[in-house]
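The next block holds one structure in the form of structure tokens; read it before the comments.
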């Protein structure tokens, strides 16, 4: 182990950057779908990130080159003198706990969905070592972690019900880059879906709903952006008017949002308990002045004001989903009013720059010992 008394000059770019270092822990660096983790790391202003992970998934942005430590060897971290550790999921928090305690710095853990919503038995039966370890040891994290940040108020309440301390568990939205997702002209009849093709995203419900929409509006198409294990099954269920585009980068997603008529966010609770915290795509749609029809699930109602910026329907209700999609598709005036209201909501509550200012203020507070 490195002697902490030995002098050591950190490598570039840390040798010339005087901002305090935040050690951000994410085991895979980074999963392709986790754009919010990359955005948070690159969006720091008064702090600088050091990314600590186990494996490179090939999605490290240029801004973070030289700022990533992979593999074992926590003694290497000390030379960067981090002032706190920020774990990006509950499973990462459990891994980061001994590191933070060894360094003698606070530990902040973001809670994003699956680690809170899945039952202990589902985590244990998952076959994933990190999930199984988390199921067995999460009480240690709950007792010893400094602060927990849930990505929606709904998830915060659920986390507290699962044993996270209420006085140390807060809501902090990811936010959206309002410049990257500007309001668009709309004009198409496309229903848009963006997300991973997994059970909790509710694609089977959406396909049933869209079959109704298509019968009444044969000119309307459903555009599905994203990939995942259910793609083959969903393609077999879909009709010719459904387009599967696979995974697209954020610029392409933003362009689809500028052109689409409505975004569908039909999330459901999966059979193993997997559920959403707050899908980023819903907030991105709001920034794009795109109405959303979403389900009463997780934090979706926090970003979709029913009857004002879109509609909320029950989980798994294809009939209600179809009806609300048709309501928006059939009225250009309603679409415009809802889109404008959605953009205002994004500006007021989900501006990424403002959320990053709030996050750095939380860092300040935690360092000063005022988090509880």
Considering region 108-130, residues that are crowded, with 19+ Cβ neighbours inside 10 Å and free of Cβ contacts under 8 Å to residues at least 40 places away in the same chain, and then whichever is farthest from residue 360 (Cα to Cα), we arrive at 123
State all residues of region 131-155 that are touching a residue at least 24 places away in the same chain (Cβ under 8 Å) and within 15 Å of residue 113 (Cα to Cα); if no residue qualifies, say none. 131, 134, 138, 148, 149, 150, 151, 152, 153, 154, 155
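What number of residues in region 159-173 are in a helix (DSSP H, G or I) and either surrounded by 15 or more Cβ atoms within 10 Å (Cβ to Cβ) or in contact (Cβ under 8 Å) with a residue 12 or more places away in the chain (or both)?
Kept after step one, since they are in a helix (DSSP H, G or I), are these residues of region 159-173: 159-161, 166-168.
From the residues that got through so far, the ones that are either surrounded by 15 or more Cβ atoms within 10 Å (Cβ to Cβ) or in contact (Cβ under 8 Å) with a residue 12 or more places away in the chain (or both) too are 159-160, 167-168.
Looking only at that region, the number is 4.
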Please determine whether any residue of region 225-243 is touching a residue at least 60 places away in the same chain (Cβ under 8 Å), over 27 Å from residue 343 (Cα atoms) and not assigned by TED's automatic domain parsing to the domain that holds residue 34. no
Yes or no: region 112-128 includes at least one residue that is touching a strand residue (DSSP E or B) at 6+ places or on another chain (Cβ under 7 Å) and either modelled with pLDDT of 95 or more or under 25 Å from residue 299 (Cα atoms) (or both). no
Among the numbered criteria (1) over 30 Å from residue 230 (Cβ atoms); (2) in contact with a strand residue (DSSP E or B) (Cβ under 7 Å, 6 or more places away or on another chain); (3) without any contact (Cβ under 8 Å) to a residue 40 or more places away in the chain, which single criterion is violated by residue 324? (1)
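Give me the residue from region 147-158 that is over 16 Å from the mean Cα position of the chain (by Cα) and crowded, with 19+ Cβ neighbours inside 10 Å and, out of that set, modelled with the highest pLDDT. Spell out how you get there, then give the answer.
Residues of region 147-158 over 16 Å from the mean Cα position of the chain (by Cα): 147, 157-158.
If we keep only those that are crowded, with 19+ Cβ neighbours inside 10 Å as well, we get 147, 158.
On the way: 147: 98, 158: 95.
If we take residues in region 147-158 being over 16 Å from the mean Cα position of the chain (by Cα) and crowded, with 19+ Cβ neighbours inside 10 Å, then 147 is modelled with the highest pLDDT.
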Just to confirm my filter: which helices (runs of 4 or more DSSP H) fall fully inside region 218-294 and include at least 3 residues that are surrounded by fewer than 22 Cβ atoms within 10 Å (Cβ to Cβ), modelled with pLDDT under 95 and in contact with a helix residue (DSSP H, G or I) (Cβ under 7 Å, 6 or more places away or on another chain)? none
Of all residues in region 68-83, how many are at pLDDT 95 or above and in contact with a strand residue (DSSP E or B) (Cβ under 6 Å, 6 or more places away or on another chain)? 1
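Please tell me if residue 212 is touching a helix residue (DSSP H, G or I) at 6+ places or on another chain (Cβ under 6 Å), at pLDDT 95 or above and either surrounded by fewer than 18 Cβ atoms within 10 Å (Cβ to Cβ) or in a loop (DSSP other than H, G, I, E, B) (or both).
Values: touching a helix residue (DSSP H, G or I) at 6+ places or on another chain (Cβ under 6 Å): yes; at pLDDT 95 or above: yes; either surrounded by fewer than 18 Cβ atoms within 10 Å (Cβ to Cβ) or in a loop (DSSP other than H, G, I, E, B) (or both): yes.
Yes; evaluated as a whole, the condition is true for this residue.
The values are calculated or read from the model by the stated rules, or taken from the named source; none is laboratory data. If you're wondering where the values come from, they're calculated on a predicted model, not measured in any experiment. Methodologically, a virtual Cβ is constructed for each residue, glycine included, from the backbone with ideal geometry; neighbour enumeration extends over all protein chains shown.
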